[in-house]
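For reference, the structure discussed in these notes is given below.
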Amino acid sequence: MSDKKGFTTTILHSDRLLKPEHGALHQPIHTAVTWGFDDVQGLVNVFQNKAKGYAYSRQGNPTVTALEHKVTQMENGMATIGFSTGMAAITASILALLKQGDHIIASSYLFGNSRSIMQTLSDVGLQFSFVDATSVDEVKAAYQPNTRMVFVETIANPATQVADLARIGDFCADKGLIYMVDNTMTSPYLFKPVSVKASLVINSLTKYIGGHANALGGSVTDTGLFDWTKFDNIAPILREQIKPAMQGMAQIRKRGLRDGGGTLAPEAAHNISVGSETLALRLDRACGNAAALAKFLETHPLVSKVYYPGLESHPQHDLAKQLFSRFGGLMSFALKDGVDTFAFLNHLQLVVKSSNLGDTRTLAIPVAHTIFFELGAERRAEMGIPDSMVRLSVGIEDTDDLIGDFAQALELVK
Ligand SMILES: *Cc1c(COP(=O)(O)O)cnc(C)c1O
């Protein structure tokens, strides 16, 4: 057998190959906050980055390490750091690496809270330009001498714009910029950002990777492609103590995780780890359901528009086809003028009115009134979000049941 196994095989056997005690097939949940050393030199070595080991659970825990290893394998990356949430991973990574006056080019089609934290970070001295990341030309036009990072998502939520991922990757490599790609919507099963030269990959583990809406978590993965020796912001002590490839991760683990404190709980890491074993199976099923539902909605007389990269009518359909193995489980749609969106949603019987995504269950939410409410009408219009937009996170129900639920709810608001 070859060393390189398939996606699911690798996840299933990842814990076991780390040899947990008694031949356990799952890495145990280590609830210890702190670890003791027989010889004080051992403790000193861990503190001085001279030996691997655990000292205090805020910056490292064996249960979390096992999950980090899994995510690294899923992403074909070099190393991963787990966080309490996806937002903690994003915030800590940016804060750990950038300084006042540094400039970030970010997609204008971002997860609402990502957009909002960037607003907060700009209030304390980072500079942001928000651009239409479906075209690399917009990214190039925003480039400044102090640009340090480009931040994009793969498929944007809720309007499903697909970023010009490969060409932006070439541009970042050319300019020596950190290319941070939030892979939450596609997950490493549908897309590996390392394939488009990403430097750092964000995943909200809460979503598809955990998959069951029973644990919060986030991660950042270093793909190994970025040359940290050319990055001015690495702390001098880490330059001395840490080998060049790991300097970025060391700085994120120390400044972002240890000092920031957004630590992934070991119980959550365990739930996410178990959930991740079926990532491929769940996503295959969700993508199939999403494709069927998108077709059904696109031809329904009460529906004015469907946003799904798998549809030929989607503006970046060809790009999505080149980049992703399938088109994901997220879609949005708008009802025709005069149809009561809330009444329609209230008639749904299986589909849950909920704000999460990446769950096994299908979830629906009216976008303008909830997740994008705080942005205001003007910003929503800029982002292409009509008031009647409904976002769906398509789950793994039986396809006929799902389409049947939409059909009956639409019938009742005709
Ligand atoms: C949900 C989400 C996040 C944040 O993840 P949390 O785990 O909820 O903090 C970040 N990016 C995207 C694209 C998301 O969908």
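Observations on the structure shown:
- Only helices enter this figure: runs of n ≥ 4 DSSP H residues, each worth -39500 (n - 2.57), summed and divided by the residues of the chain, yield -11000 deg cm²/dmol at 222 nm to the nearest 500.
- Sites listed here are GluC sites (Glu not before Pro) in segment 311-414 whose DSSP assignment is loop and whose Cβ has at most 10 other Cβ atoms within 10 Å: E312.
- Taking trypsin sites (Lys or Arg not before Pro) across segment 301-340, the ones in a DSSP loop with at most 16 further Cβ atoms lying within 10 angstrom of their Cβ are K336.
- Sparse packing (at most 16 other Cβ atoms within 10 Å of the Cβ) combined with a DSSP loop state is found for the following trypsin sites (Lys or Arg not before Pro) in segment 17-73: K50, K52, R58.
- Mean-position separation - Cα centroids, segment 264-283 and segment 43-57, in angstrom: 27
- For the chain, the equivalent ellipsoid built from the Cα gyration tensor has semi-axes of 37, 26, 18 Å, listed from largest to smallest.
- Alpha carbon centroid spacing (whole Å) that separates segment 128-178 from segment 209-235: 18
- Total charge dipole magnitude, the chain, about the Cα centre, Cβ charges on Lys, Arg, Asp, Glu only, Debye to nearest 20: 900
- Taking 32 Å as the limit for the C-alpha separation, the pairs K4/K140; K353/K414; K192/K254; K19/K230; K5/K52 exceed it in the case of K4/K140; K19/K230.
- Looking at the chain alone, DSSP beta bridges between its own residues are antiparallel in about 55 percent of cases.
The numbers here are math on the coordinates, done by the rules we state, and not lab data. Here the structure is a predicted model, which means the values were calculated and not measured. Neighbour counts run over all protein chains shown; Cβ positions are idealised from the backbone, glycine included.
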